[in-house]
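The structure under discussion appears below in the form of structure tokens.
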């Protein structure tokens with residue numbers, strides 16, 4: 001039975017790899033089929049479709065200057081470094097950071113988000129990777145559940161914080177979305193509504209911070225004890241969460257053309273709104289959702305330029321990390337299988353003793 005249990009997780013990992021490769025192809029098809037003229041040329045075989053995909057991607061990306069790519073890549077590194085900080089913050093909250101290196105945390109975080117951003121169901125897919133990685137470091141299932149919750153909340157905290165800032169600073173960002181949302185269309189003064197929502201967001205952030213400062217008591221739910229983060233943890237969240245979102249939005253901003261570019265705050269707001277909507281809809285990568293929001297918020301930017309910028313974002317933030325994570329998963333599972341085999345079948349010289 002123990003041997004069988006040791007094989008279950010590697011089997012799940014291999015299934016995730018197969019699913020990821022299939023997902024890469026479907027994601028690229030979805031990207032190029034947005035253009036009706038290109039969509040009409042699809043369906044003539046896998047290799048013909050792949051050739052068409054490559055040609056269309058080349059045309060869309062050729063207009064972006066090298067400097068734009070360099071800055072977008074730097075933004076990607078910033079985003080994933082901040083995501084690794086999410087895990088580190090959670091480990092500090094649990095008091096389990098000692099003995100777990102930054103390198104290990106960074107690799108675990110990278111694989112976690114590479115899978116969860118692409119596959120969706122982030123709590124399950126990300127939790128699976130973290131459970132596999134952190135149990136190897138001695139964390140219990142309860143501790144890993146808290147770690148996943150803290151990481152998810154850190155992202156939500158940053159989203160709420162930056163959304164509040166954007167809505168107070170650029171309340172007109174919600175006006176174009178009235179065409180997509182009947183709820184917004186019924187608002188008499190959308191700018192005032194945006195400022196109200198922004199104020200509520202920042203008030204929530206302030207209350208959360210005050211709770212850490214006052215050392216609120218742990219929340220007990222049955223046998224589950226949820227300890228309120230202390231002020232040093234919250235202060236780290238103030239830095240890590242906005243950095244990740246700024247980095248992710250920066251990929252799109254630097255890939256957009258200078259002509260008609262509405263500025264970083266508008267791009268940031270469009271990213272926050274569209275990415276959050278994509279997460280809520282559980283659409284992997286937010287395909288379709290992000291395009292609709294960005295095109296509505298930024299009508300002054302050519303649609304092809306918006307699609308190209310979002311494609312760069314998906315390549316840097318989603319697809320390339322997914323490709324790089326596959327050999328990491330295989331290497332980790334190979335090492336774990338080797339360790340399990342050594343436990344079941346000890347060396348022959350030990351048996352002789």
Which order results if 47, 313, 102 are arranged by neighbouring Cβ count within 10 Å, fewest first?
47, 102, 313
How high is the FRET efficiency between residue 188 and residue 238 when r is their beta carbon distance and R₀ equals 35 Å, given to the nearest 0.05?
0.50
Ranked 112, 159, 209, criterion: other C-beta atoms within 10 Å, fewest first
209, 159, 112
Gyration tensor over alpha-carbon atoms, the range 67-328, equivalent ellipsoid semi-axes in Å:
31, 24, 15
Highest-first arrangement of 185-196, 231-242, 161-172, where packing means the average Cβ count within 10 Å:
161-172, 231-242, 185-196
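None of the figures in this text is laboratory data; all of them are computed from the coordinates on show. Please read all numbers here as calculations on a predicted model, not as lab measurements. Here the Cβ is made from the backbone with ideal geometry for all residues, glycine too, and neighbour counts use every protein chain on show.
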